[in-house]
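Comments concern the structure below.
The values are calculated or read from the model by the stated rules, or taken from the named source; none is laboratory data. Since this is a predicted model, take the numbers as computed values, not measurements. Don't worry about glycine lacking a Cβ; one is built from the backbone with ideal geometry, like all the others, and counts go over all protein chains shown. Surface accessibility is based on the protein's heavy atoms, side chains included, excluding ligands, DNA and RNA. Shrake-Rupley method; radii C 1.70, N 1.55, O 1.52, S 1.80 Å.
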Amino acid sequence: MTIELARPHSPEQHHTHRDVTGGWLRPAVFGAMDGLVSNFALIAGVVGAAGAGQGAVLAGFAGLFAGACSMAAGEYTSVKSQTELMRAEIAVERRELARNPVGERAELVALYRSRGLDAELAERVADGLSADPEQALRVHVREELGVDPDDLPSPYVAAGSSFCAFAAGALVPLAPFLFGASGLMVALLVSVIALFGFGAVVAVLTARPWWLGGLRQLALGVGAATVTFGLGHLLGVAIA
């Protein structure tokens, strides 16, 4: 009888992670969802008030461009301000390392002692890191601020992804009217499919049940469109 011994795991085996710090996923998801839901709701309100026609197309284009520009400007300002604040705090930490290196080294020792290292090993690690001021700065910033100084979010990436995603989402309910649709049903059907599909894709990307993400986004989008359609129908606003 031959006995096969289990092979030890190779130390060269590695696993990889997706990039979760690039600053593009949140504005892209938010932009696409917002564009789809808000423009569908806007078009539904116009159709509810004055029926389908040129008014719905003009409202759809206005909602697409105004919303995309607004989203891009908002994301740029938000991420730019956040990045500037991070850089200011990193500069504070850099000055503190230059002014009080002994105290900063003591912080590293206390940090690694709290992580379970014994006193002697914590001292050696702190000495090794403190020998390189830039490496010491990176460690302090990651531990104290919770950010990577070498990988701060880009406001341009956030603004660009938000603009493109919003425009793509907003085009979905508008497209049927560009091809001659005379009522809201085709736009409703296309938007429902897109809402469920996009919600399902995002759920898969974030390791959640696809059907739950799809149904949640579908409920939110249809709810918003129902409210605006009802208000438009009740008000009966005439569009010139």
- Query: Leaving out ligands, DNA and RNA, what percent of the accessible area of the stretch 82-240 is carbon and sulfur, probe 1.4 Å?
  - Reply: 67 percent
- Note on the structure: For volume of the Cα convex hull per residue in Å³ the list reads (1) 217; (2) 115; (3) 135; the calculated value is entry (1)
- Query: Scanning the chain for GluC sites (Glu not before Pro) in DSSP loops with at most 11 other Cβ atoms within 10 Å, what's the longest stretch left with none?
  - Reply: 13-240
- Query: So which chymotrypsin sites (Phe, Trp or Tyr not before Pro) in the stretch 85-185 pass both tests, a DSSP loop state and at most 15 other Cβ atoms within 10 Å of the Cβ?
  - Reply: PHE179
- Sorted by accessible surface (1.4 Å probe, heavy atoms of the protein chains only), largest first, MET185, MET86 come out as MET185, MET86
- Task: Over the stretch 60-103, give the accessible area per residue in Å² for a 1.4 Å probe, as an integer.
- Result: 60 Å²
- Query: So which trypsin sites (Lys or Arg not before Pro) in the stretch 93-160 pass both tests, a DSSP loop state and at most 10 other Cβ atoms within 10 Å of the Cβ?
  - Reply: ARG115
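What ranking, highest mean first, results for peptides 57-65, 227-235 when packing means the other Cβ atoms within 10 Å averaged over each residue?
57-65, 227-235
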- Query: Ordering SER191, SER78 from largest to smallest accessible area (1.4 angstrom probe), what's the sequence?
  - Reply: SER78, SER191
